[in-house]
Structures are given as C-alpha cells and as structure tokens.
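The values are calculated or read from the model by the stated rules, or taken from the named source; none is laboratory data. What you are looking at is a predicted structure, and each value in this text was computed from that prediction instead of being measured. Here the Cβ positions follow ideal geometry from the backbone for every residue, glycine too, while neighbour counts run over all protein chains shown.
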Amino acid sequence: MTSGLRNRRIARVAARRRGEQGLTLIELLLSLAILAILTGFLAGGLSMARQAFGADRASEIGSETSAAVQTVAALVGSALPVRADGASPKDAIGFDGRGEAISFVGLSEGRSLRGGPYRIVLRRSAGDIVADFVAFNAARSKENPEPAATRVVVLSGVREIRIGYFGAADAKTKPTWRADWTRAERLPDLVSIRIEFEDERRNEPATIVALRQG
C-alpha cells in the first residue's frame, strides 16, 4: 500500500470521527427550537393547572362563604316581635339593632341547642362574627343573675360588618333606611347585612332579610 493511499484512508477516518464528536450548526439550532417548544408547552400546562386550581379554590371559598352568610341571614330572619313580660302593646319590642350588632329574640333550629325562643346577640368580635344564645325568660336568681350564654362562631376572617334597617319605627313615621333600630314599637321590615372579609375574594353584595311582624 502506497503512502498516499494510506494517508487518504487516515484522513477519511479522522473526518468521520470529527463528525461523530459534535453537532452541526443546523442540528444545534433544531435542538434549541425543539427545546423552546417543549418548554413553552410545559409552562403553558403549568399555568393552566394553576389557573384551574385557583378557580376551583375560589369557587369552594365562595360556596362556603355563601352558606355561612345565609346562616347569618336565617338567624336574623327568625327575629320575633316579642316584648318583655308585663310590657304593654305600645312598649318597645325586644329588638336592638346597631351598625355592627343586633340583639333580638329568635328561634333556635334545634341542632346544637334545644328548640324554642332565645335571646340572641349577633355581633363582630375581633375577626369573627359570633352569636350568643340565652334561653328566653331563663330562670334568674341572686346566685345567677345572668344565665350563661352559649357562644357560636358563625363566620371567621371578617374585617367589617355593616347592618342597616328599613321600616317605620312607629305609626307616626314613614318607612326609611336607618343605621340603627332601637326602642321601636315594631320590627324593621328589612335588614341589610353587608360583610367584608380579610380575603376580598369572599366579599359578596349585601344580603337583605325580611322580618315577620307577627
């Protein structure tokens, strides 16, 4: 074998090995393009999954909040036009409505409490809305002048509660919205309850509750 032929074979083998050791510019660009496409698909999939999870969580929070607000509305809606023992028909009823609290006589649904009328105080306490229940006309004594109340936390994470009252406090006035309802001869016709939460996703429009007058 001549030296020229041997040199040509060595050159071909070396060229083939150099090609096997790396990528051409076109192969490199193609690989980068495929990698970019796969990365885009992955990022898009993660974003869609995150959005879907956020939507599901928001829907769950909204359902829980709506149910709790409806519980508050049902509690206020149970208010009765009850007067104190011995009071005349013209005396004020046992309903005291303020901007952030209501005290009234209402009915227990008979779940955790015995059925029957209760003196109920619904108010905001720190970040909660709580309801205190005391059996109406509960026996009092010198040893126990104030019967013990059963407290229930109705809502948590509350920043503010605003309550409004609509109706005529007596026969001489016209129905109107008021910020409070105290020492009135009748219940308000409507009670507006607006609750603002620390988590703004839970905020809902005001709930309007109609009360029974008799």
> Which one of ILE102, ILE120 is hydrophobic (A, V, I, L, M, F, W, C), modelled with pLDDT of 90 or more, touching a Phe, Trp or Tyr at 6+ places or on another chain (Cβ under 7 Å) and on the phi < 0 side of the Ramachandran plot?
Replying inline: ILE120
>> Suppose we filter the range 152-203 for residues that are part of a strand (DSSP E or B) and surrounded by fewer than 13 Cβ atoms within 10 Å (Cβ to Cβ); how many remain?
In response: 4
> For the range 152-210, what are the residues that are closer than 26 Å to PHE133 by Cα, touching a residue at least 60 places away in the same chain (Cβ under 8 Å) and basic (Lys, Arg)?
Replying inline: ARG162, ARG183, ARG186
>> Quick check on SER88: is it part of a helix (DSSP H, G or I), of a type in the set (Gly, Ala, Ser), modelled with pLDDT under 80 and more than 28 Å from ILE161 (Cα to Cα)?
In response: no
> Before we move on, is VAL130 of a type in the set (Val, Ile, Thr), in contact with a Pro (Cβ under 8 Å, 6 or more places away or on another chain) and either closer than 25 Å to THR65 by Cα or without any contact (Cβ under 8 Å) to a residue 40 or more places away in the chain (or both)?
Replying inline: no
> When you look at GLU109, is it charged (D, E, K, R), surrounded by fewer than 16 Cβ atoms within 10 Å (Cβ to Cβ) and at pLDDT below 90, yes or no?
Replying inline: yes
